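In what follows, a structure is listed as structure tokens, so that the remarks can point back to it.
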Amino acid sequence: MDLMKLKSYLEILGICFTVALTFMFFANIFLNIENKPIDYVILAFSWIVVLKFNWTARDLWHKWFGK
């Protein structure tokens, strides 16, 4: 397998993980389930990683919202 193809798959997986974790976070609030402090840390860390280091997310952001 090509390494660039593997990298793009991992970046897409990172985007999916971050979006799913955000959805679960708000679903827990809506359902009155307590979010643990580690949930806040992991959510913030995953958004930072996606926004700063994920080139696929940057390309999609610029494509959808323009610059």
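Of all residues in the stretch 20-39, those satisfying the criterion of being within 26 Å of ASP59 (Cα to Cα) and in contact with a helix residue (DSSP H, G or I) (Cβ under 9 Å, 6 or more places away or on another chain) are LEU21, THR22, MET24, PHE25. Within the stretch 6-36, the set of residues being more than 9 Å from the chain's Cα centre (by Cα) and open to solvent by 100 Å² or more (accessible area, probe 1.4 Å) comprises TYR9, LEU10, PHE23, MET24, PHE26, PHE30, LEU31, ASN32, GLU34, LYS36. Within the stretch 37-67, the set of residues being surrounded by 10 or more Cβ atoms within 10 Å (Cβ to Cβ), over 12 Å from the mean Cα position of the chain (by Cα) and of a type in the set (A, V, I, L, M) comprises VAL41, LEU60.
For first residues located in the stretch 31-52 and touching a residue at least 12 places away in the same chain (Cβ under 8 Å) and within 20 Å of CYS16 (Cβ to Cβ), partners that are assigned to a helix (DSSP H, G or I) and open to solvent by 100 Å² or more (accessible area, probe 1.4 Å) and lie 6+ apart or on another chain with Cβ distances below 8 Å form the pairs SER46/PHE17.
The values are calculated or read from the model by the stated rules, or taken from the named source; none is laboratory data. Keep in mind that this is a model prediction, so the values were computed, not measured. Glycine also receives a Cβ, built like all others from the backbone with ideal geometry; neighbour counts cover every protein chain displayed. Calculation scope for accessible area: heavy atoms of the full protein, side chains included, ligands and nucleic acids excluded. Shrake-Rupley method; radii C 1.70, N 1.55, O 1.52, S 1.80 Å.
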